[in-house]
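Notes follow once the structure below has been shown.
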Amino acid sequence: MKPRQKRIALIVAGLVILGVAATLVLNALNSNIALYISPTDVAAGKAPQGKAFRIGGMVKEGSVKREADGVTVNFIVTDTEKDLLVAYKGILPDLFKEGKGVVAQGKLADGGTRFVASEVLAKHDENYMPPEAAKAVGDAHQRAADNKAKAEAAGAAGAAPATPATEEKSPLKTGY
């Protein structure tokens with residue numbers, strides 16, 4: 001072979017190896033992606049069926065139920081609009097508590113009524129909530145406020161104007 005043909009053969013071989021490596025890397029990344037879905041999105045049918053994804057929100061007060069084996073836990077994750085039952089078998093993080101933020105990774109089961117988690121992550125301090133969970137909770141609060149305003153507007157169409165509620169002062173709040 002001439003030197004020019006050798007160079008072309010090396011360049012082509014290098015491009016083929018680079019293409020195979022890029023394909024393997026992209027395939028690995030694609031199979032490990034876990035989308036974030038809120039309980040409201042799951043209820044609306046937007047969750048991927050048969051694929052792992054993350055669900056986040058707040059652990060509903062009074063919903064944590066531990067099985068007799070000590071490692072199986074069932075709890076409800078809520079974004080204040082919709083709730084989703086989560087089943088997890090494993091050791092929960094130390095910061096996992098009712099009323100606190102949580103993100104769970106897993107798959108839907110039982111026709112989309114139960115989420116089987118393979119991993120549970122708890123928030124790391126009192127002020128932190130994952131951005132996706134904060135957005136989902138904020139969106140749910142906004143939808144609830146919009147629905148309330150619509151209901152009040154429909155009810156006030158024929159009724160006398162309501163008097164504004166006075167703000168109650170808590171003896172625990174000192175104004176600092």
| message | What pairs come out if I take residues in the range 140-153 that are closer than 19 Å to Gly56 by Cα and pair them with residues that are not β-branched (Val, Ile, Thr) whose C-beta lies under 7 Å away, six or more apart or interchain? | response | Ala140/Asp79; Ala140/Glu81; Arg143/Glu81; Ala144/Glu81
| remark: Note: among Gly70, Gly101, Gly62, just one is farther than 20 Å from Gly45 by Cβ, surrounded by fewer than 13 Cβ atoms within 10 Å (Cβ to Cβ) and either touching a residue at least 12 places away in the same chain (Cβ under 8 Å) or touching a Phe, Trp or Tyr at 6+ places or on another chain (Cβ under 6 Å) (or both), namely Gly62
| note | Of the residues in the range 114-139, those that are more than 13 Å from the chain's Cα centre (by Cα) and modelled with pLDDT of 85 or more number 3
| The lone exception for Lys89 - which of (1) touching a Ser or Thr at 6+ places or on another chain (Cβ under 7 Å); (2) crowded, with 19+ Cβ neighbours inside 10 Å; (3) under 16 Å from Leu121 (Cβ atoms) it fails | (2)
| request: State all residues of the range 46-87 that are at pLDDT 85 or above and closer than 15 Å to Asp110 by Cβ; if no residue qualifies, say none. | output: Ile55, Asn74, Ile76, Asp83, Leu84, Leu85, Val86, Ala87
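Does Thr174 qualify as being modelled with pLDDT under 70 and of a type in the set (Val, Ile, Thr)?
The answer is yes for Thr174.
The values are calculated or read from the model by the stated rules, or taken from the named source; none is laboratory data. These numbers come from a predicted model, not from an experiment. For neighbour counting, all protein chains shown are included, and Cβ atoms are generated from backbone atoms with ideal geometry for every residue, glycine included.
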